[in-house]
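Working notes, beginning with the structure itself.
What follows draws every value from the coordinates through simple rules; no lab data is involved. Computed from a predicted model, the values in this text were never measured in an experiment. Ideal geometry is used to build each Cβ from the backbone, glycine not excepted, and the neighbour counts take in all protein chains shown.
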Amino acid sequence: MPENITEQIASLKDQTLESLQSRYKEVFATDKTLSTNKVFLWRRIAYRLQEKEYGELSQEIKNKIESLVQQYDPVNNKALRPTVTSAGKEVVALPSMRDKRLPIPGTVICKRYKGNDIQVRIMEKGFEYNKKYYKTLSAISEEITGAHWNGYSFFNL
């Protein structure tokens, strides 16, 4: 078995699914594995090996990460949801004007089209491309291609 942590992690990439599942059980001291996905298992095992070698995150850091996730969760756009009082209860409501397919404002969408790198910044209301403001992604895709495209399709959103 490789002696240093980097070699151990590198050797995991070439292992079969069965050997990764076996290694997972060994590293996590459990009877079952969570997945049959090689990449997932490889990443989990690699992370755990590093934890054992260098130490885990402190509880203070774990709590800080959890609070940041609660505050700025990009998957659910929680940072964008206003708190509303409804029937005497505080609820978090999604603004109806914001499309759920869009990432949070400030995110940059990158796409390569015909050898050119395209970067579009998501704004609070609209988009920025080549230092110009656009109301829709379709307008940007039309400027880039010269043909009408659905902006969400063009940018794979």
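For the reader, a short list of remarks on this structure follows.
- Where labels lie 7 Å past Cα in the beta-carbon direction, separation of Thr30 and Leu157 in nm: 3.6 nm
- Applying both filters, DSSP loop and at most 16 other Cβ atoms within 10 Å, to the GluC sites (Glu not before Pro) of segment 1-60 gives Glu3, Glu56.
- Here segment 108-154 is treated as a sphere whose radius is the Kirkwood value from Cα pairs; by Stokes-Einstein at 10 °C and 1.306 mPa s it diffuses with a coefficient of 149 µm²/s.
- Segment 5-54 - convex hull of alpha carbons, volume per residue in Å³: 62 Å³
- 28 Å Cα-Cα reach of Lys135 towards lysines, excluding residues that sit fewer than 8 places from it in its own chain: Lys78, Lys100, Lys111, Lys114, Lys125
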